[in-house]
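Have a look at the structure below, then the notes.
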Amino acid sequence: MIRNLIFGIIFLSFGMGFSQNTKTDVSEYLSLVRDEFTGNQAYKTTVFVEQFWRVVGNEGFNKSIYHIATTLENSGYVLESNAKETDRFTYRIEKRPLKNPTWQPIDARLTIVGEDMPLLESSTNRNMTYLNSASTPKGGVVAEVVYIKDLELLEKIDIKGKVVFAEMSPYRLYKTALKNGALGMLTYNMPAYLQPEKNSTSIQFRSIPYNEKNIWGMALSYQAKERLIKALERGKVKVKAVVNTKIYPSEELTIVADIKGNVTPEERLVFSAHVQEPGANDNASGVGVQLEMAQLAAKFVKDKKIPLDRTLTFLWGDEIISTQRYIKEDSLRASTIKWGISLDMVGENTALTGGSFLIEKMPDPSAIWTRGNDKHSEWGGRPLTLEDMKPHYLNDFIVSVFEKQGKFANWVVNTNPFEGGSDHTPFLKADIPGLLLWHFTDQFYHTDNDRIDKVSKETLKNVGTAALASAFTLLNANTKTALKELRNIKTKAEIRLKNEFLLSQKSIAEGNDFLEEIKILSAWNTWYQKSFESLKDMSNTPNTKLNRAIKKAKMQLDKQTENYIKLLK
């Protein structure tokens, strides 16, 4: 009891001495972070992590986790189990048993019998072996190739002891091939956005379900596929396949680091970067950027350049699963997570990869009516409904911060409507504001050409700078911040409504339904009305001035919407 009282006095004194937060404008945070965030640590980490073919529990995944832990310790973070109550920088490694064994590729080689040059070898195509593929017997196997053009024929053709080849997903072939005694599988299916005829040696990694009695399987590049088809056109083809994989029991590791807030430590912002997947951009880059952010945030706090009123959390683990568990396993903690941001594919040299940096927004009406400057990525997304909307200031706030950094660094920043598929989705499913920082379309996405030469240190720096400045602003946000952001979001709302009105005018002139256009304008008005209201959570206590300002902004937006609807009539 006395010990707790003493600690309380110490912590209160520390907090009082450190609570004079003179920086409330994001531009000040950006300026401070720009001077320190070099991208060097982010790039160094990306180089380390991308050397491994990372699956949860395998050697490369675990080495990446422990590399993060070592770097955190060198930056002043203390292992949570050894931490004192006064330690603000802590981390922990969570360990859980894996239901199935982990998997690791060792080497592979595929050759057409009678030809000297291999079709594929893992030294140049590390994605050629399916995840969960079994090994061939030592020395490899030789077998006839059966080309399946129609899935219905698979049940009618004798494939026992043979190698099945098809231009489709291995999942479509797998059950029948396994059941009917195929010796192995070869497949080709590369989406058009990967430009396979241009990137003819690329292989997008593929997987099959885990099975103790699995067969082996390989994915083909466009170049290998064409060579195999030409050989088949000349007659019967046999291949020699050598596959060496390692399948073994392991555990799932997740690493969580915290910088404890000194005013309301129970409230937090969570950054999440997944470690698994074998690419440099996907997602060694996210791991690297987030680690440099964690280092630099700790340095700023230690040097008393920036206080943190709320807690800043960094999570590295298995995509979606680790973030979802972090939210679900502690309902009290989940109730005080104020924001969640996913860092996924954040280091691209777009001159090589194509595409651009994107902020995937929380669900707003652009995910229902995608028009004008709003465009989905090649990843795509299902059409949402009004019930799916997540009105919040986070969208426009983050976009504005990144646009500032983009203007400063001559760096292109774009947005896309909500699509899902990364670590922002667990936050949204739990009704926690969350969005995604990423790049697309990447012509090397999930392929073995996603290597370190496609990563830009400058991009890593830009993303990390804007993300960390955003975090500092949110974690220290108060009524003054909310009032500033209200002005920003109100301007964004007015611009959005004007643009939607012009699009609706054009749509009606083209003969489209007038009532549908009213529905669109009304949906945007409602979304922004609720986004204005959400700004109240920046202030820990009700504030009359903020409430009046929000009420006024809502009335003005209502009026603007009413005028536009009248003009449409």
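Expressed as cubic angstrom per residue, what is the convex hull volume of the alpha carbon set of region 33-187? Numbers along the way, then the final one.
Details: hull volume 30.6 nm³, N = 155.
So the per-residue Cα hull volume is 197 Å³.
Among DSSP bridges having both ends in region 102-246, what percentage is antiparallel? Round to the nearest 5.
55
From Cα pairs below 8 angstrom and at least 6 apart in sequence, can you work out the relative contact order of region 102-246, rounded to a whole percent?
Relative contact order for region 102-246 comes out at 40 percent.
What pairs from Lys95/Lys198; Lys63/Lys238; Lys260/Lys536; Lys375/Lys461 go past 31 Å between their alpha carbons?
Lys95/Lys198; Lys63/Lys238
For the chain, what is the calculated [θ] at 222 nm in deg cm²/dmol (nearest 500), taking -39500 (n - 2.57) for each run of four or more DSSP H residues and dividing by its residue count? Intermediate results must be reported in sequence, preceding the final value.
Numbers: 16 runs with 227 residues, N = 569.
Mean residue ellipticity at 222 nm (helix-derived): -13000 deg cm²/dmol.
Considering only the chain, what is the antiparallel percent among its DSSP beta bridges, to the nearest 5?
Just about 50 percent of them are antiparallel.
Tell me, what is the FRET efficiency for Lys99 and Lys230 to the nearest 0.05, using R0 = 35 angstrom and their Cβ-Cβ distance as r? Present the calculation step by step, with values, prior to reporting the outcome.
Details: r = 43 Å, r/R0 = 1.23.
It comes out at approximately 0.25.
If we sort 539-549, 346-356, 165-175, 112-122 on the protection proxy, mean other Cβ atoms within 10 Å, highest first, what's the order?
Highest to lowest by the protection proxy: 346-356, 165-175, 112-122, 539-549.
With only Lys, Arg, Asp and Glu charged, each at its Cβ (+1 for the first two, -1 for the last two), find how big the charge dipole of the chain is about the Cα centre; round to the nearest 20 debye.
680
Taking only the Cα atoms of the chain, how large is their convex hull per residue, in Å³?
171
Could you point to the residue in Leu502, Ala553, Asn563 farthest towards the positive end of region 500-569's charge dipole, with +1 and -1 charges on the Cβ of Lys/Arg and Asp/Glu respectively?
Value: Ala553.
Restrict the search to region 67-152; then list the trypsin sites (Lys or Arg not before Pro) that DSSP places in a loop and that have at most 14 other Cβ atoms within 10 Å of their Cβ.
Qualifying residues, ordered by number: Lys84, Lys99, Lys138, Lys149.
What is the local net charge at Ala409, summed over the other residues whose Cβ is closer than 10 Å to its Cβ (Lys, Arg +1; Asp, Glu -1)?
In short, +3.
Rounded to a whole number of µm²/s, how large is the Stokes-Einstein D of region 356-417 at 4 °C and 1.567 mPa s, given Rh as the Kirkwood radius over C-alpha pairs? Numbers along the way, then the final one.
Details: Rh = 12.4 Å.
Translational D for this selection: 104 µm²/s.
Can you give me the Cα centroid spacing of region 203-243 and region 304-364 in angstrom?
If we compute the Cα centre of each part, the gap is 37 Å.
I want the local charge near Ser272. Using Cβ-Cβ distances under 10 Å, sum +1 for each Lys or Arg and -1 for each Asp or Glu among the other residues.
-3
Using 5 Å bins from zero, what percent of all Cα-Cα pairs in region 64-119 falls into each bin?
P(r) over region 64-119, rounded to whole percents: 4, 13, 14, 11, 9, 9, 8, 7, 6, 6, 5, 4, 2, 1, 0.
Let me know the charge dipole size of region 479-568 about its Cα centre in debye, to the nearest 20, where only the beta-carbon of Lys, Arg (+1) and Asp, Glu (-1) is charged.
Here the size comes out at about 720 debye.
Could you let me know the centre-to-centre spacing of region 59-94 and region 369-388, using Cα atoms, in angstrom?
39
Take the solvent-accessible surface of the protein heavy atoms, probe 1.4 Å, and return the percent of it on the chain that carbon and sulfur atoms account for.
The computed percentage sits at 52.
Determine the principal axes of the Cα atoms in region 369-492, then give the extent along each, sorted from largest to smallest and rounded to whole angstroms.
For region 369-492, the Cα spread along each principal axis is 48, 36, 30 Å.
In nanometres, what is the gap between the two model label sites at Asn547 and Ser200, each 7 Å from Cα along Cα-to-Cβ?
With each label placed 7 Å out from Cα toward Cβ, I get 7.0 nm.
Work out, in µm²/s and without decimals, the Stokes-Einstein translational diffusion coefficient of region 198-291 at 37 °C, 0.692 mPa s, Rh from Kirkwood over C-alpha pairs. Provide the component values of the computation, followed by the final result.
Details: Rh = 18.5 Å.
Answer, rounded: 177 µm²/s.
Under Stokes-Einstein, with the Kirkwood radius over Cα pairs standing in for Rh, what whole-number D in µm²/s applies to region 102-246 at 37 °C and 0.692 mPa s?
Estimated diffusion coefficient is 219 µm²/s.
Over what distance in Å are the Cα centres of region 525-569 and region 397-451 separated?
27
If one takes the longest principal axis of the Cα atoms in the chain, at what angle in degrees, from 0 to 90 and to the nearest 10, does the Cα axis of helix 479-509 lie?
That helix lies at roughly 60 degrees to the long axis.
Using a Förster radius of 51 Å, what is the FRET efficiency between Asp388 and Asp116 based on their Cβ-Cβ separation? Nearest 0.05, please.
Efficiency computed from Cβ-Cβ geometry: 0.35.
Under 10 Å from the Cβ of Val256, count the other residues' Cβ atoms, weight Lys and Arg +1, Asp and Glu -1, and hand me the total.
Once positives and negatives cancel, what remains is -2.
Distances longer than 20 Å among the Cα atoms of region 479-568: what percent of all pairs is that?
It works out to 39 percent of all Cα pairs.
Take Asp35 and Leu502, extend 7 Å from each Cα along the Cα→Cβ direction, and tell me the distance between the two endpoints in nm.
4.0
The values are calculated or read from the model by the stated rules, or taken from the named source; none is laboratory data. Predicted model only: the values in this text are computed from it and were never measured. Using ideal geometry, Cβ is built from the backbone for each residue, glycine included, and neighbour counts are taken over all protein chains shown. Side chains are part of the model used for accessible areas, which takes the heavy atoms of the whole protein and leaves out ligands, DNA and RNA. Shrake-Rupley method; radii C 1.70, N 1.55, O 1.52, S 1.80 Å.
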